[in-house]
Every structure is written in C-alpha cells, then in structure tokens.
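The values are calculated or read from the model by the stated rules, or taken from the named source; none is laboratory data. What you see is a predicted model, and the numbers here were worked out from it, not measured in a lab. Don't worry about glycine lacking a Cβ; one is built from the backbone with ideal geometry, like all the others, and counts go over all protein chains shown. When the accessible area is computed, the model is the full protein with side chains, heavy atoms only, and any ligands, DNA or RNA have been set aside. Shrake-Rupley method; radii C 1.70, N 1.55, O 1.52, S 1.80 Å.
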Amino acid sequence: MTTGISLNSKKLEYTGPSFFRQRLVLSTLSTLPIIISDIRYGEEEPGIREYEAGVIWLLEKIMSGAAIEINETGTRIVYKPGILIGGPIEHVCNLDKSIGYYLEVLLMVAPFCKEPIKARFKGVTNCCDDPSVDYLKHTSLKLLDRAGISPGLDIKIISRGAKPLGGGEVLFTCPVIQKLKPLHWLDPGLVKKVRGIACTMRVAPTNANRMIDECRGVFNRFLPDVFIVSDHAKGKESGKSPGYGMCLVAETTSGTLLAANTFTSVGEGIHPDRPEDIGKNCSHLLLEEIFRGGCVDTRNQSLVLLLMAMASDGVSRVIMGYLTDYTIEFLRHLKDFFGVMFKVETKPDSTGGMHRQLVYLSCSGMGYWSIGRPTF
Amino acid sequence: MEAQENKPHRKPHSGPSAVKKKRKNIKQKTPKNQNKKAFAFKSSVRAARSLRHTLDIETKRHHIPVAEQTYNTAEVPPYIVAVVGPPKVGKSTLIRSLVKNYTRHNLRSVIGPITIVSGRKRRLTFIEVDNDMCCMIDVAKIADLCLLLIDASFGFEIETFEFINILQVHGFPQVMGVLTHLDLIPRTKTLRRAKKDLRHRFWTEIYQGAKVFYLSGILNGDLYPSMEVHNLSRFISVMRFHPTQWRLSHAFFLADRVEDLTPFEDMRLEPSIDRNIALYGYIRGTNLPDNSWVHIPGCGDYRIGEIKLLQDPCPLPGGEKKRRNLNEKQKLIYAPKCGIGQLSLDNDAIYVDLPSKNANLEPSNDLISAILRTNTGVDEKLADADGVMLFENSEQVCDIESEEKRESSIASDTGGEENRENSTGSDSENDLTTSESDSDSEISQEGSEKSEENNSEFQNASTQVIKDGYTKLISTPSWTKMYNEYLDHRLGRHSSLQELIYSKKDTILLRKQPHTDDLLGDLFIVNDNRKQLVHDSSYSRMTVNFDFNNESTYQELKNLFVTGRKRVKFRENSDDNREFRNGFIELDDDGNEIQKLDNFPENEFSESESENIEKEVVKKQQIKSDYFKDLQQQTNDQDLINKGEYEQFDILQSAKYIGYPPGSYIRISIDSIPYEFINNTKANSPIIVGSLTSQELETTRYTHARVKQHRWHKKVLKTRDPIIVSLGWRRFQTLPVYYTEEHNKRKRMLKYTPEHSHCHAVFNAPVTHPGTGLLALQVLTANAKTTFRIALTGVLLENSQTIEVVKKLKLTGTPYKIYKNTAFIKGMFNSALEVAKFERSIIQTVSGIRGIIKRNVSKPSGHFRASFEDKILMSDIVFLRVWHQVELPLFYNPVCNHVDRDWNAMKTVAEIRHENNTPIPVQKDSLYQKVERITPKFAPLKIPHKLEKDLPFKSKPKYVMKSKGLANLKKPAVILEPNEQKVMKMFQQLRTAHNDNLRKRKIESLRKSELNEKMKKKVELKRLQSVKKRRRDFYTKVGKKQARSKKKN
C-alpha cells in the first residue's frame, strides 16, 4: 500500500485513504511534501470526504505558504507543507466527524508553531466514534502537560453539540515550546481513583444519573474512590441536537490516565442506547483500557510517540499497552518522515497475576526544531 | 668625639617598591591562624555585598550541562588540522615535516587528507587548504585546528585575514599562527621587530596571547628543522578542541577518497551518465543515521544509499596503557590520495593503486588475449547461429543433446518453484482469520525461505488456537490467556513486534485490486462494490471480547487496582522519571512472599541494592536543592540512560536506531551524482559530506538575517545585487533585499547597507537553524581589483514564507475646488477603485495642514473629496504617504564548484554595464534643475468703510499725504544774517586749507614707504646671498668628508 521513499526524491508517496491525518501531520512537521493517490479509487463515491478535506483546510489555516493540489475526483492529493504559524483561527468542523477528530490533528502540531494557537472549533463535540472533547481535555492535555507543554494549554467547552446538527463550540489554546525534554514513563502504577463526567444535552437530566449509577455499580466493586459528575447542558450551551454520553478517567498511583468515552445521539430515526447501556458500555471500555495497561491510553499512543521522537537530549522511554494498528502505522511513518526508529520490546507483565503483555518503546529523540520559530 | 652623621635612609613613599612593602606589611599584620569569628562582618550591607560577589563569581563558571548524545562511540575521530596560507608560504613543507615527525614517512606530494596517529588517544587529519575561497569556506566549517602560515619576510596577506573572518562566522576553531621564511630576514634586530609586529597584529585578530609559532628556514631535505617541528607537534598534541553547536547537531565527514561505482559498460555507452559513487571517511560531529540526507558543498543534496562500516585504516593503538609513547608499528599513516596505503579492502572490491608506469596491462596469456578480442557476447552468438564459436578461429560448439538436457533441467526447476508457490499459498489461506485478502498471499510468498517449514507449522498452530479461542469465548473466562493468544496471532510470522512494525511485510490491507476475471468483454470492468477498509481512527477495540460479569475476570482485574492483593512494598526509585523500578513482592494471604513479579531485566535487583537506593535518596534530600546541581544531575542521569539504552547492541545493530557513531570509518554510496563531479573535482579541494534534517532540504524560503557590511569591504552593498552566501553547509548565490526594522516593527527597505551599523537582509535560501552565522561575498575569485572579498557577515534570525518589506511612496495631488475646510483633489488617483482603497487615510499639504480622504467623486473618476483641519490654498500640493510592499526576488543559485570548475556567478548590473561600456541610464525627471521662484504680488488690502469706522484708532489705517508740493511747503527757506554769512565763509576757507594739507601729507608718506620697501629688498637680497654661500660651503665640506670615509671603507 505504501510506496514509501524513493532515493533522492524529496517527497513521499502513499496510496489509499487510511492514516490520512497522520500523514498530513508528519508531512507538515517534517516539511516533506507527500502525494497520496488512489483515495477510494473505484468506489461509488471516490475521493476524499468532506471531513478529510476539512483537515487539510484546518492545517492550511495555521500554515503559511502551503501548496495543496487535489485532483477533480479527489482521489489524488499533492500536499506541500509550508511553515507552521499558528495564532488565532476559527474552524467550522464537518458534522460527520466530531471536533475531537480535528483536535487530535491540532494537538500534534500546535506545540511546534511559531505563535501560540488559539483555535475556536464549531461542530460536534461529543460522538461515539471519535474522542469526545472531554476525553481529550482529561487525557491528552494532561499528557502534554506532563511532557512539559504546560502554561496556557487548555480546552474550554463553550457549548456542547451532538450529531447530526452539532452546534457545539470549543476553544483550544496551546503554547509553543522551545525544546522537548525526553520522556521516561515507565511505571504504569495501579488504579487509585476513577473520575468521570456524564453529559446530557437537550434530554432529561436524570439520564445522567442513570448512567452514573450504572458506572458506580461496576466500579464500586473495585474501589470506593469513584466520583462522576453530571453535566447537564441547557439553552445555548446544549447545541442543536439532543444526546447523552459519558467519559470516564482512571488515574493510577503513578499519575497515568486511562480513559474511555461513549455517547449516543437522540432523535428521529436514531435508536439511542439506554443510559444504563451507555454507562455499562463506558465502564467496560474503561476496564478494557485498564487491562491493556501502560502509561498511555490507547488513543494517545501516537501523540506520545511523536513527543518522544521530537524530544532533544537523547533517549525517551515509555511503556504502553496493546499497540493499535494506527499506532503501528504511525511508527512506520515516523521512520519514513524523520528516520526515527523505535526500539520495541514486548514485556510480559504479571502485576497481580494478570500475565498480560506490555510494550516497551524507546527512541533517541531527533531534537526537532520548528522552522518557523525565530530567534533574536 | 662627635659621631659621624650619615645621611639617614629615606623610605620610599611612592613607586613599585613602596607598594610592595605596604602589601607585605598588611600581610604580616593579619596572621593566618586568627580567630575567624572575631573578624566577622560588622556591616550587614557589606556582608551581603561580598556574598553576592562570591556567588556571582561562582555562577559565572557555570555552563548549561548538555547530555551526551553520541553513544557507543567507537573512537574519537581524528581531529582535522587545516594548514592555511597564501601560495608559496610553505604549507606542503609544513605538512610533510609534521608527517615526517609523527610517522618517519617522507611524503612526496600532499594531496587530499592525510590521517596519522599522533598519540595514544589522538589522531590527526591534515589538509592543505588552497588559496581558493570555496575551499577556505568549506574547511572553516569542519576544521578543529587551523595553522595559519604567514610569510614573515613578506608580512600578512589579505587571504589570511579573509580566512580568519570566515572562521569567526562559522564557529571559531582553534587557531595557531606559524611564521615561516624567517631566514630571509637578514638582521636579528629587524627579525625580532618583524616577529613582534606580526605577533601583535595576529593577536588583535584572534585574541591577546594567541599562540604564534616560528619556523626558521628549510633545512636538510627541504623540510623544516626537526626540533622546531617537534615542538609544534607537542603544542598540537596538548591542544583541546571545542566543537561548535552546528557540529554537535550535524554529522559530517571529510571524504578520504571517492570511488566511481558505475558499471563500466554503462559509462562506455553513455559517458555523461549519472554516476554512482562511494565516499570514504571518518564520521564526525554526531551520529549519522542510515538513509539520511546529506549535502555535499559544491555539488548538492543527496540521500545516502547505503552506509557500510569499514575497518579503521588508521586505528588507535589499543591495550598496554602504561606506555605513553607509540612504538614504530603504531605510528600509522593513511593518505590514499598521496599513494600511501595502496591496498585497500572493501566489502565488494579490493583496490590496488598501481602507478601507471609500473602496471603491465598487456595480457600474458593467449587465451585471455583471445577473450579480450571477442566483440560480441555469447548470448548474442547463440541467438544468431546454430553453433557457437567461443573465440576467433576456434571450433563451433554445438551439442544438441546437452542442450536438451539443460532445458529439461530448467523445466524441472520451474516445476519445483510452482510446487513451492502452491505450498506457500495454502499456508496463507490457513492464516486468514481477520479481514485479509489476496495480496496477503503475495506477502507470504515473500516470506523467508529459510524458516518456511517452521513458519507454516507455527501458523497452523496459531490458527488452531485462535479458532479454539473463539469457540471457547463464551465459556472460558481467562481472558488474559485469550489476549495473549490474540497478540501472538497478531504477530503472525514475525518473531517480534519490532519486526512486525519495521519489516513492512504485514501491512493492513486497504485496497482490493479489481479482478481480471470480471472483465465483461473488453469494455467494462465490473466494480466490486466492496469499499476500501479505511483506517483513520486512533482507537480500535481488541478483537477479543471479555465477559465482565465473570467472577474470575473480576478477580484478575481487581489486581490492577490499589485495592487488589496486599503488597509489601512498592519500590520506586526516588525519581521515577529517572529510573524505572516497578518491583512488587506479592504476598499471599499468609504474608509469605510467593513471587517476584519482575520481568523487566533491569528491575531484578537485590535487597542490598534497594537499601543503597534508599540511602541515596536520604543523602540527596540532605543536600540543599540547587537549581544548577539539579540540572546537572538530570543531565547526568539522561547521559546514563542514553548510554545504557543501546549498550547491549554492537555498532551495526544500534546504527538502526541511532545511526553510526562518530569515529567509525564508513563508506557511503550515493546514486546519480552528475558525472562532472568525478571528472571535474580538483584533486586537492576537500569533499565534505554534511548531514541535513528533513527540514533543511533544498526547499527555499525567505531567510532573514541580521547583517553588517564588513568594515574592510570597500563598497556598500546594494539591494538586489547578487551576493554569494555561505550558510550552514551551503554556499549559494542569492539576491538580498536589505531593510531596517523601525520602532513600530515596520520593515523598511534600504537601497544600500548602512556603512557602520547593522541592518537586516532577506533573501531566498534553504531553511537553516536560526542562530547560524553567515557570510557573504560579492566575488569568489580574486582579481587585480578585488581587495577584501568578504562583503558582509551576520546571523540568521528567521525562516518564513512571506515577508512584508515596504518602501515609502508619496502620492501627490492638487486641489481644484476649495470650500472652507473641504477641498476637492485631483491627480492623485486614476480610478474610483483606487480612491476607495485609500478612504479614511491621512493626507497632508506641503505647508503641514493635515486632512483625510473622505469619498471619491463620481466624475471625473479618480478625483476625491477631502477635509482638512484648516482651509488650504489652491497653490498647495496635497500628498498621501503610503507604504508599498517590495517584491522579493526568488533567485537561488548554489555554487557548484565541484561540478562546474569554472562556475560563473551571476553578475551585478554595475559589472555588466562596466563590461559593455553602457552608461547609467538617467531619467530626466530625476535631474535637479534650477528652481525659479516668482515673488508673489499681493493685491492691496482693502478695508470696507463700515469696518474702518468701527475700528479703534490704533488699528485704523493712517492716510499720509505724500505729494511733493506739500512736503516743500513744510520746509521753508532759511535766509542768513550778514554776520552769520561771514562766519560760514570763514569756516569754509579753513576746511579747504585743512583738506589740502592732508592731501600733501599723504603723498609724502607714500613716497617714504616706497623708499623704505626698496631698502628692505636690498638687505634681504644680501642676506640670501650670504646664506647660500654658507650652505654651499657646508655641503662641500660634508661631501668631502663622506667621500673620505667611503674611501676608507
């Protein structure tokens, strides 16, 4: 599927629509042009989807001098990145995907801009496939904070919005960094507390309580320190469509955060899950996440790997749980774009007789510097 | 008897001896063993001040600790010693003398780098630097030590100063001056004077007290005196080198030799074919990863095809640490271009350098000569004829039976292959469990043949297990087991996760190829409407489903919570960031230790070790937290981690992760380099290979730099005049635009660089790290006109895609209608659109009345209405001050001196004009003309009668009669009395007599002064005559004396 690099050509070529965001992000950071061809070639609806095009426009907003060519059918993209500028931007997200889909892109790029980013997103804040905004706020931001990207890093939820009409608004601010320190996250620790947020919009607030009750039912068997807040969005803050869902975060003794989120929209033609099912499902997802283990939860694996590869001053080491296909491809892409190769070792872990496998990843950081950053 | 009174001794009250004594007295007064407490500070202010002072001194010594990033370092790479100087100054002689001193080897010629072992821990690479600007720039970027050779009998030459300035820009390495040709200075006194003068001049350039070495003339065998060279070598051997930031972040090497790897046949067919070359050298700087981008100055950007680690041709002596000096065998030299080390082994070839006159290339054997004479290949002959004639005049070879046999054997071979393919195909079917498709079988075909059987067995087993797992899914609770099985399955054929990730064989299949069987006729392709499996979510659930209601699952999971089984100790190092210790000792219900749950090898440590760690923690807490010490500690810890991480690997294995370490001798191959590189590169010009990051590739963007025209460069530099810039590894020609940043951050274009201050420059160039130094030249090669070639120096500030450099533009217009404060203005704009763009902008008259553009007038277009703070005049000129964005040129032209020997730079306009004798075009508009101003005639002031009546008297106009008659009337004639008339007459006569007297006196004095003048002249003439005579006498005397003394000598 990937053609990879040909010698002496200063661009990378890929095929297929998968891993679209990774490729764009890494191309933007490395400033290597990419060509992605055969995107949904031969399908009834060929070419890139609108939400994918949205990612390109989002990146273009924070760059100067990018040159993007998309052919008529949208099956081939030539992406020549410019210089990351950042600054205040506003982006109206496609309603097929949640804001989280776009935020995941921006989280990777934002610390390496010239100016601090202040991005206002409009669209769907919570949905079942992509990470909800709560999820990113309580895990990804904490990770970046732990990695040293802290002052001014925030996601502010101004209003919530569910599919299909959206109407949510989120303000994301991120500082820029001079230099990343190596990460050494090697102790997953044991789960000491579970926190969560159950949000409801344009439905009865009792739904939140029903979800919370279900979660408590699951987690109180394990530990007493379970605290889940309900967030009932009213009026303007509730967006345009009804829905409810929740996000659970488990914190371990070493500060590792593992999280899960679920959501369902309510409306005509949609069969929503019962709040009890949502609560149960979310708890089970979190249990699965706890079982997978590691110092980083599944969705943030690639973000952490990027930070490791970008760090200066030498070797970073992180223990992770099960590597997803997305992460594996990200590792390959890191090698293509930056030449950073990770040492990957599976380590059988038997904390409490579980006999599961953790993955030990280490790499020597490349000491990334963003070309837009000035000196004086 | 009176005692003799001697003059008493007078103590010195001033001068050095007095000071000395005073100091001595003070010292004696303060005994060493005094009670310190008794002499504590009396003043708190002074105490604070002195404390601050000591702390200041202490912190001045601090440097930011930098973690070492070169792990598994092979050996320190040889230090590069560049020998620089103008021609005929003795560069080669010095290198030959030094080489002779170190290795007892007599070099005939000095070509290319010469590496020698100079001590137990030190190797040196000497390079001679030609007097060529490109060479000097390249060498300045890589040299660790520069020996600047100066001809003492001649003095400094401009090249030396140029080189010093290049060094200053590219991270000043160590510099040592060497004065040669001292034997040509005749007298000791002048020699001493010359030495001193040159030394002091050198010091002002480098630093006060920089080392200058003196080499007297050439002695036996045209080398420098051995004692002096030996002393020089000792200075070199104790020198310490500090790498610059640039070199610490970029790997590079100086190519010892270059080999052309292009097949001879290809070259014969197409002599100008792009070449594949191999470059050899020691890695310097930092690690060089595989497949990294490199820049060869003078040639271009390339990607390394392959790195091969080679045996060190000039290794440091190992073992026996007691001996400090080298024995003869250890004094190695490697100088491939000088003809030393003629035999060199490679991974695919052995190179034997033979001088061409010694080589006997005539074939000694008849058979070989016959082979050489054949023109067509065997396969061609086979195709042509029934039989084959291997050589000229030989028998035809034609054996049909044997051919048949051969064919059959080929057939059976292919059959075997088919079988094998079938077998692998069946394997792949077996392992299809998840959503996989046909190209998986391709992958399995690629699978290594070695472990094929093992693989298939393994796969069969694993599929079995998985299937079982699925069937048991409802019944069996042990999901950890299932999970592990799932993970094993995921690995598939790969032995480890690492291999799964980086071998690239088992990628997720995303696209189905259209089946060729589905062709309907030739026209249509039936599209199977299966969608491509799109994978773009950072989350994916595991394919193993867990039963959360099961009690055993609950028990297993509970152990991941703090509420799980009891733990005795959670051992953790003081700082979990630094060292990972995840050791638990698990206890069963009785409190007995049942298992050590440490599977990480580094975690296996004994009880005593843990105690040690605890002690350390306590110790650390005792030490006061100190920012600098903490920082140092962190860096040291990171250092240890860096070293430890790849410790278990050898260089080749760790190269996958971090690249080849500096000090290793490697061969890199580069594909498709222009053939001129092989043919045109001068033998003595150094070839440097410097690594680049992906950001630093040759995509040009605008580069801002703070620059200053060099004070020795004779001319100021003009915007858009081409300059040749040396920045990072690169040298290129570009067109700069100079600008200055004003207080409001406006970037205003400057036509010329200011003479004595900094300004900014922006030009089109590849991206380089901000903070890198740069220099620029106007000409590369010196000619009779050029003096000092370095035109400007500076530092890079920023890379950007767009930049707003502006210049001032004044648009002028004139009023054509004025009402009170409003005026209508024409001539400033051409269209209503233009006016619309500048609405609300501020305008001004020449006299200083400010105004604002209000709106355009519908007709005539381009005219507009403006309002001013006061009424303006029709004669006023109104102007609008705007800032016009300057277009920045996109020119970028790398200096390819290795490809094109006579690389020509783009010329400046002035040069072209000078060559073609074209005069500078003059615009008539711009010429200054004499301004003739007409004095304005104002109409008389008329005050209305009504107003005049009301005015106070002071302001009322005063009418004065000016007619002649009236004036005469005022002055009546005076008639004198007779007496008065008499007096008047008397006075008149007296005045006349006096005037006559005065006239006579004047004439007399004039006559006298003339006489006097004449006398003076006479006397002067006489004096001059006598002086002349005296002089003549004196000189004849002296001349005679000299003649006499000459005769004596």
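Details
- Segment B:877-951 versus segment B:167-206: alpha-carbon centroid distance in Å: 50 Å
- Derived scalar couplings ³J(HN,Hα) [segment A:290-305; Karplus, 6.51 cos²θ - 1.76 cosθ + 1.60; whole Hz; x for Gly, Pro]: 5, 5, 4, x, x, 8, 9, 7, 4, 5, 9, 4, 5, 4, 5, 4
- Backbone N within segment A:301-332 under 19 Å of label point (7 Å from A:Asp145 Cα along the Cβ vector): A:301, A:303-304, A:307
- Accessible surface ranking that places the most exposed of B:Tyr892, B:Tyr928, A:Tyr360 first, with a 1.4 angstrom probe: B:Tyr928, B:Tyr892, A:Tyr360
- Taking packing as the residue-averaged number of other Cβ atoms within 10 angstrom, the listed peptides A:278-291, B:228-241, B:863-876 run from highest to lowest as A:278-291, B:863-876, B:228-241.
- Nearest-10 value in Å² for the accessible area of B:Phe161, using the 1.4 Å probe: 20 Å²
- Residues in segment B:168-194 that a label on B:Phe241 would reach, taking backbone N under 12 Å of a point 7 Å out along Cα→Cβ: B:173-175
- Dipole magnitude for segment A:1-84: about 460 debye, using +1 per Lys or Arg Cβ and -1 per Asp or Glu Cβ, origin at the Cα centre.
- In loop segments of segment A:149-205 as defined by DSSP, the trypsin sites (Lys or Arg not before Pro) with at most 16 further C-beta atoms inside 10 Å of their C-beta are A:Lys179.
- Peptide A:16-25 has a mean of 4 when you count, residue by residue, the C-beta atoms of other protein chains within 10 Å of its C-beta.
- Ranked order, B:Ser685, B:Ser1005 - accessible area, probe 1.4 Å, largest first: B:Ser1005, B:Ser685
- Across B:Lys22/B:Lys629; A:Lys11/B:Lys643; B:Lys751/B:Lys924; B:Lys189/B:Lys331, pairs whose alpha-carbon gap is larger than 30 Å: B:Lys22/B:Lys629; A:Lys11/B:Lys643; B:Lys189/B:Lys331
- Per-residue average of Cβ from other chains inside 10 Å of B:290-303: 2
- For segment A:191-292, the square roots of the Cα gyration tensor eigenvalues, ordered a ≥ b ≥ c, give a/c of at least 1.5 with a/b greater than b/c, which places it in the prolate category.
- Springs between Cα atoms under 10 Å define the GNM used for chain A, and in it the highest mean-square fluctuation of A:Gln178, A:Gln22, A:Gln301 occurs at A:Gln178.
- Pairwise FRET efficiency - B:Arg187 versus B:Asn35, Cβ, R0 = 51 Å, nearest 0.05: 0.20
- Calculated on the Cα set of chain A, radius of gyration then Dmax: 20.6, 62 Å.
- When you count the other C-beta atoms within 10 angstrom of each residue and take the mean per peptide, B:323-335, B:794-806, A:165-177 line up highest first as A:165-177, B:794-806, B:323-335.
- Mean Cα-pair separation over length for segment A:144-300, i.e. relative contact order, pairs under 8 Å, 6 or more apart, %: 26 percent
- Judged by the ratio a/c of the largest to the smallest principal axis of the C-alpha gyration tensor, segment A:1-84 counts as oblate, that ratio being 1.5 or greater while a/b is no larger than b/c.
- Separation of segment A:65-81 and segment B:973-1049, taken as the distance between their Cα centroids, equals 102 angstrom.
- Debye-formula intensities of segment B:109-249, expressed as log10 I(q)/I(0) at q = 0.10, 0.16, 0.18 Å⁻¹, are -0.36, -0.97, -1.23 (one equal scatterer per alpha-carbon, no solvent).
- Net length gained if the chain between B:Lys60 and B:Asn893 were fully extended (0.36 nm per residue, minus Cα distance): 295.5 nm
- Where labels lie 7 Å past Cα in the beta-carbon direction, separation of B:Thr812 and A:Asp213 in nm: 8.8 nm
- Going by accessible surface with a 1.4 Å probe and the largest first, A:Met366, A:Met310 read A:Met366, A:Met310.
- Pairs from A:Lys114/A:Lys137; B:Lys826/B:Lys859; B:Lys807/B:Lys930 whose Cα-Cα separation, in the structure shown, is over 21 Å: A:Lys114/A:Lys137; B:Lys807/B:Lys930
- Placing unit charges on the Cβ atoms only, positive for Lys and Arg and negative for Asp and Glu, gives segment A:191-292 a dipole magnitude near 200 debye about its Cα centre.
- Farthest toward the positive end of the dipole of segment B:64-187, out of B:Gly171, B:Val83, B:Phe161, is the Cα of B:Val83, where the dipole comes from beta carbon charges about the Cα centre.
- Cα gyration tensor category, rounded, prolate or oblate, for segment B:107-146 with a/c compared to 1.5: oblate
- Shielding by partners, peptide A:36-44 (average Cβ within 10 angstrom, other chains): 4
- Modelled this way, with points 7 Å down the Cα-to-C-beta line, the labels at B:Leu261 and B:Ser1026 are 10.1 nm from one another.
- Taking amide H atoms as placed 1.01 Å from N in the peptide plane, the amide H of A:Ser132 lies under 5 Å from those of A:Cys127, each 5 or more residues away in sequence or on another chain.
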